[in-house]
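First up is the structure itself, then whatever we jot down about it.
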Amino acid sequence: MSGISTHVLDTSRGMPGADLRVVLERDAGGWQRLSERRTDADGRVKNLLPDGAVIERATYRLTFETEAYFAKNGVVTFFPSVSVVFRVTDTARHHHVPLLVSPFGYSTYRGT
């Protein structure tokens with residue numbers, strides 16, 4: 001099944017980034033909100049596209065609300081949010097965008 005998913009790992013705690021708000025948008029001459037989800041107990045959002053939506057060739061943006069996540073854990077963060085912009089060119093493939101996050105840094109990559 002094609003789609004867009006994510007996984008958040010809190011590297012400062014060595015644990016999944018559970019209950020972290022994630023927003024998916026598509027660039028359609030301006031950012032169009034497609035969905036808003038929260039990561040599950042394993043830090044995952046398995047399908048960010050709305051039910052019945054088909055992935056399109058486009059540029060997408062995932063925004064992770066890291067400040068609220070860290071505040072719930074009593075931690076101050078340098079990054080109030082993390083935005084990852086990526087391009088979908090092959091609509092037959094699944095697009096997994098993991099985020100490794102800590103209060104003072106983050107990294108991401110194209111996952112499987």
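Laboratory data are not the source of any read-out in this text; all were calculated from the coordinates shown. Model, not experiment: these values are computed from the prediction. For neighbour counting, all protein chains shown are included, and Cβ atoms are generated from backbone atoms with ideal geometry for every residue, glycine included.
For region 92-108, backbone phi angles converted through the Karplus equation (6.51, -1.76, 1.60; θ = phi - 60°) give residue-by-residue couplings of 7, 9, 7, 10, 10, 10, x, 10, 9, 9, 9, x, 10, x, 7, 8, 8 Hz, Gly and Pro being listed as x. Dividing the helix sum by the residues of the chain, where each DSSP H run of 4 or more adds -39500 (n - 2.57), gives a mean residue ellipticity at 222 nm of -1500 deg cm²/dmol. Our summary gives region 3-108 a relative contact order of 33 percent, counting only alpha carbon pairs under 8 angstrom and 6 or more residues apart.
Among the chymotrypsin sites (Phe, Trp or Tyr not before Pro) in region 4-98, those located in a DSSP loop and surrounded by at most 13 other Cβ atoms within 10 Å of their own Cβ are Phe78.
Loop-located trypsin sites (Lys or Arg not before Pro) in region 55-112 (DSSP state not H, G, I, E or B) with no more than 13 neighbouring Cβ atoms inside 10 Å: Arg57, Arg93, Arg110. Loop-located GluC sites (Glu not before Pro) in region 1-96 (DSSP state other than H, G, I, E, B) with a sparse environment of at most 15 neighbouring Cβ atoms within 10 Å: Glu56.
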